[in-house]
Amino acid sequence: MMNFEKRPVLISGPCSAESRDQVMSTARALQSTANYFRAGLWKPRTRPNEFEGVGEKGLPWLKDVQESYGLPVMTEVANAEHVDLVLKNGIDAVWIGARTTVSPFAVQSIADALKGTNLPVFVKNPIHADLKLWIGAVERIDSATKGDVIALHRGFSSYGLKKFRNAPMWEIPIGLRSEMPDIKMFCDPSHISGKRDLIQSIAQKAMDLGMDGLMIESHINPQVALSDAKQQLSPKDLISLISSLKIRDLTLDKAQTLDLRDLRIELDSIDERLVELLSGRMNIARAIGKYKKENGLTVLQLSRWKEIMSSRKVWSEEMGIEQDFLRSVLEQVHKESIRIQTEILNSGLGEGS
Ligand code: PEP
Ligand code: MN
């Protein structure tokens, strides 16, 4: 079983194993910082004829890392054959990549190959933001291996210009954790960022959200890496990044709970009032809906919506509330008003007269 007492548990190593020298020199530099050494042997590449990994040839290199540096090693598996090879060669743990998690057939065949073993498996999120698909993959693997099953957040793909290579959409890993509270959650800031300078803030955010560990790519000479060169850190930069992370307590002690008690009571009562106010607002929307129906008016009165948004903008400035935040809250409230009014306008349709 894996040991999760230390936070973060750190998995590091190159995107791909490229040569015995590259693997060994990276592992040597990481040996006192990383808890697990990673290196991809079979690489899922977007286009053919890109570097597709060294395959089986790299298995003995990972064994050398175990023996020379005492680091447990892991690699990516994408099918049952990879699982068999990993088991035969005493690899300590595996991860399932984002492009594999999307396919229940592929995940199931990996699960079948893992049946009865105690191999720990990290399940990356699928490339698109589908929480249920991720949960399903975790369930399939969890019912096969007797080892730990850990969720690994690597962000979600989208098309076009964007800040992140894969948008973090933190609500999705939070959603998985709340549906599966016993599953540990790791974050992979390298594949979220896609470039070196964003890794630190993503890693810090993962820690602030209480995630258990990090997987960060590190290459002895990132500039010449055969895959993901832009996002790999040198071991030296990785070590300084890890030591700069601020790790805050996950739970409150008794005194802290007491300190926060009054503020939490106040919050609860404000939330209660907010709900009352919202309910009152929806009742008025209902009355307006009735009036519009009786007078043959449309639900959406654009001029009124514009007037609402500009007056509320002034209020947000006066009250010190972030404008974008207020705008998105009001948009939700307005959307619900429109839904209610549309329901009223369409009620009784087709009853005939
Ligand atoms: C990787 O970890 O190198 C990898 C290919 O990751 P992902 O499946 O997240 O793209
Ligand atoms: Mn990679």
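Can you name the condition, by its number, that Tyr36 falls short on among (1) surrounded by fewer than 16 Cβ atoms within 10 Å (Cβ to Cβ); (2) within 16 Å of ligand 1 (Cβ to nearest atom)?
All conditions pass for Tyr36, except number (1).
Filtering the range 39-58 down to residues that are of a type in the set (A, V, I, L, M, F, W, C) and surrounded by 15 or more Cβ atoms within 10 Å (Cβ to Cβ), which residue is nearest to the chain's Cα centre (by Cα)?
Ala39
Do we find that Lys195 is within 16 Å of ligand 2 (Cβ to nearest atom) and open to solvent by 10 Å² or more (accessible area, probe 1.4 Å) in this structure?
yes
Here is a check on your reading of the model: is Lys184 open to solvent by 20 Å² or more (accessible area, probe 1.4 Å), in contact with a strand residue (DSSP E or B) (Cβ under 9 Å, 6 or more places away or on another chain), more than 18 Å from Asp84 (Cα to Cα) and touching a residue at least 60 places away in the same chain (Cβ under 8 Å)?
yes
Say whether the condition of being at pLDDT 95 or above, among the β-branched types (Val, Ile, Thr), away from ligand 2 (no atom under 16 Å from the Cβ) and out of contact with any helix residue (DSSP H, G or I) (no Cβ under 9 Å at 6 or more places or on another chain) is met by at least one residue in the range 165-174.
yes
Filter the range 224-243 down to the residues that are under 15 Å from Glu18 (Cα atoms) and under 24 Å from the mean Cα position of the chain (by Cα), then identify the one that is nearest to ligand 2 (Cβ to nearest atom).
By that ranking, first place goes to Asp228.
Looking at the range 11-18, is at least one residue within 13 Å of ligand 2 (Cβ to nearest atom), free of Cβ contacts under 8 Å to residues at least 24 places away in the same chain, in the same structural domain as Lys230 (by TED's automatic domain parsing) and open to solvent by 10 Å² or more (accessible area, probe 1.4 Å)?
To start, the set of residues in the range 11-18 that are within 13 Å of ligand 2 (Cβ to nearest atom) comprises 11-18.
Restricting the remaining residues to those that are free of Cβ contacts under 8 Å to residues at least 24 places away in the same chain gives none.
No, that holds for no residue.
The values are calculated or read from the model by the stated rules, or taken from the named source; none is laboratory data. What you see is a predicted model; the values in this text were computed from it and never measured. Methodologically, a virtual Cβ is constructed for each residue, glycine included, from the backbone with ideal geometry; neighbour enumeration extends over all protein chains shown. Heavy atoms of the whole protein, side chains included, go into the accessibility calculation; ligands, DNA and RNA do not. Shrake-Rupley method; radii C 1.70, N 1.55, O 1.52, S 1.80 Å.
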